[in-house]
Ligand code: AMP
Ligand code: MG
């Protein structure tokens with residue numbers, strides 16, 4: 001299960017930039033190899049294992065886009081109304097009984113096949129009907145209101161490429177061409193554990209100096225949201241041996257082991273040394289705020305070919321969220337074999353002033369609103385602490401300040417990433 005190539009690529013510099021993290025993940029992490037065929041209703045969130053081509057064109061036949069009258073454009077007067085005899089009727093789901101003769105129209109409904117000879121459809125609202133004839137106005141383009149066979153999908157074209165993560169939209173496309181199952185990669189398995197003597201499970205008694213565990217619940221939801229399988233390995237105290245054992249055991253059964261807390265340089269922070277004793281650390285400090293301490297590594301398995309990727313996230317929930325979005329999500333995407341689509345920050349206007357250190361990327365929690373002039377503005381949350389969980393729940397997303405930026409003034413344009421874009 002060790003999906004990381006084994007050559008040494010440990011980074012020795014002080015703080016690894018996000019772009020370098022992404023490059024390492026792209027170059028060194030391999031997707032899980034196992035694939036399976038799944039029925040459409042089990043395909044949501046899965047990742048295509050290979051390209052699938054369209055067995056039929058879409059639409060499969062020329063048809064009408066509206067309720068109205070099918071005509072031959074060549075019959076129409078360019079400057080005056082044209083009166084046409086109604087020669088027949090065709091409804092959706094029924095083949096046209098006859099071809100359209102010159103000088104005639106056929107009553108047609110949305111989705112019904114175009115009669116042979118017809119190339120244009122007038123909407124019923126736009127015509128005058130009198131008895132068995134219809135008068136149509138001048139000026140409609142030839143081919144209007146007709147859907148051509150294959151204008152959506154051509155038979156034989158790639159419908160869904162390898163690496164595509166299947167949303168409802170993609171599954172609908174597969175169904176529309178008549179597919180019943182899709183080749184996908186195995187779902188990746190991610191183990192989650194929290195560390196810290198002060199962390200207790202919600203629903204259990206809370207000693208006065210303890211906190212209920214928020215991070216496992218945050219991570220489990222983010223992991224399943226990405227279509228992976230999440231295993232809950234509970235809370236491990238700040239004990240080097242217990243940590244080592246818990247991580248090593250998790251690595252036997254999972255593709256990725258995630259911990260939170262205990263990863264900085266305090267005396268009770270044992271995650272890094274645990275990883276070094278049972279595997280290899282790839283990097284442990286990333287140039288990102290919040291979230292600087294992020295340990296990434298590989299844990300050896302007991303048998304050859306086993307083992308798992310490892311990421312030790314910081315303890316503060318906001319830092320967990322940010323580092324999940326910027327480090328774990330691309331890592332999971334690589335392991336799952338998913339396409340890596342770039343995150344595109346949308347330009348919004350800052351209403352706040354902000355100073356930052358050069359050389360690291362910073363994420364500011366903001367709420368959006370529309371300014372008096374209609375421009376979308378980002379309002380910084382009042383509390384900046386990385387432990388303030390309501391700063392995640394009461395905001396819309398993150399403003400991303402790049403490495404070179406040192407200062408933002410009110411009115412400046414900044415890049416905004418919605419929570420949906422970051423972890424969806
Ligand atoms: P650490 O990196 O272990 O020093 O943790 C940093 C901060 O995050 C401390 O205040 C911890 O109490 C808090 N923290 C760590 N783990 C969790 C957790 N699972 N849920 C909520 N807060 C946590
Ligand atoms: Mg701790």
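Mean-square fluctuations from a GNM of the chain, with a 10 angstrom spring cutoff on Cα atoms, peak among 309, 80, 175 at 80. Report, to the nearest 10°, how far helix 18-28 tilts away from the longest principal axis of the Cα atoms in the chain, using its own Cα long axis and a range of 0 to 90°. Tilt relative to the chain: about 80 degrees. The simple Förster model, with R0 at 30 Å and r as the Cβ-Cβ distance, assigns residue 355 and residue 172 a FRET efficiency of 0.05. The C-alpha atoms of the chain define a longest principal axis, and helix 240-253 lies at about 30 degrees to it.
To make sure I understand, if each residue's beta carbon is the centre and we count other beta carbons within 10 Å, what order do 324, 109 fall in, fewest to most? Working shown, then result.
Details: 324 26, 109 17.
Ranking 324, 109 by Cβ neighbours within 10 Å, fewest first, gives 109, 324.
Only helices enter this figure: runs of n ≥ 4 DSSP H residues, each worth -39500 (n - 2.57), summed and divided by the residues of the chain, yield -5000 deg cm²/dmol at 222 nm to the nearest 500. Against the chain, whose longest principal axis is taken from its Cα atoms, helix 215-225 shows a tilt of about 30°.
Can you give the log10 of the normalised intensity I(q)/I(0) at q = 0.20 Å⁻¹, computed with Debye over equal Cα scatterers of region 200-265? So the normalised log intensities work out to -0.96.
Sequence gap at least 6, Cα distance under 8 Å: using those rules, report the relative contact order of the chain to the nearest whole percent. Before the final figure, lay out the partial values.
Working: 986 pairs, mean separation 71.0, N = 424.
This gives 17 percent for the chain.
Ranked by Cβ crowding within 10 angstrom, fewest neighbours first, how are 391, 231 ordered?
On the way: 391 21, 231 15.
Placing the least packed residue first, the sequence is 231, 391.
Neighbour counts of other C-beta atoms within 10 Å: give me 147, 349 arranged from fewest to most.
On the way: 147 19, 349 16.
Placing the least packed residue first, the sequence is 349, 147.
DSSP beta bridges confined to the chain are antiparallel in about 70 percent of cases. Computed over the chain with a Gaussian network model linking Cα atoms closer than 10 Å, the most mobile of 258, 179, 219 is 179. Taking a cut-off of 19 Å, what percent of all Cα-Cα pairs in region 191-325 are separated by more than that? That tail contains 46 percent of the Cα-Cα pairs.
Of all beta bridges DSSP finds with both residues in region 331-424, what is the antiparallel percent, to the nearest 5? Of all bridge pairs located within region 331-424, approximately 90 percent are antiparallel. The stretch between residue 129 and residue 74, if pulled fully straight at 0.36 nm per residue, gains 17.8 nm over its current Cα-Cα span.
Treating the Cα atoms of the chain as identical point scatterers in vacuum, please give the log10 of the normalised Debye intensity I(q)/I(0) at q = 0.06, 0.07, 0.11, 0.12 Å⁻¹, two decimals. So the normalised log intensities work out to -0.40, -0.51, -0.88, -0.97.
Projected label points at residue 102 and residue 42, each 7 Å from Cα along the beta carbon direction, are separated by 6.0 nanometres. The distance between label points at residue 407 and residue 375 comes to 1.9 nm (points 7 Å beyond Cα on the Cα→Cβ vector). Look at the alpha carbon pairs under 8 Å that are at least 6 residues apart: their mean separation over the length of region 337-387 gives a relative contact order of 36 percent.
We did not get these values from a lab; they are worked out from the coordinates using the rules stated. Since we're looking at a predicted model, the values are computed, not measured. Here the Cβ is made from the backbone with ideal geometry for all residues, glycine too, and neighbour counts use every protein chain on show.
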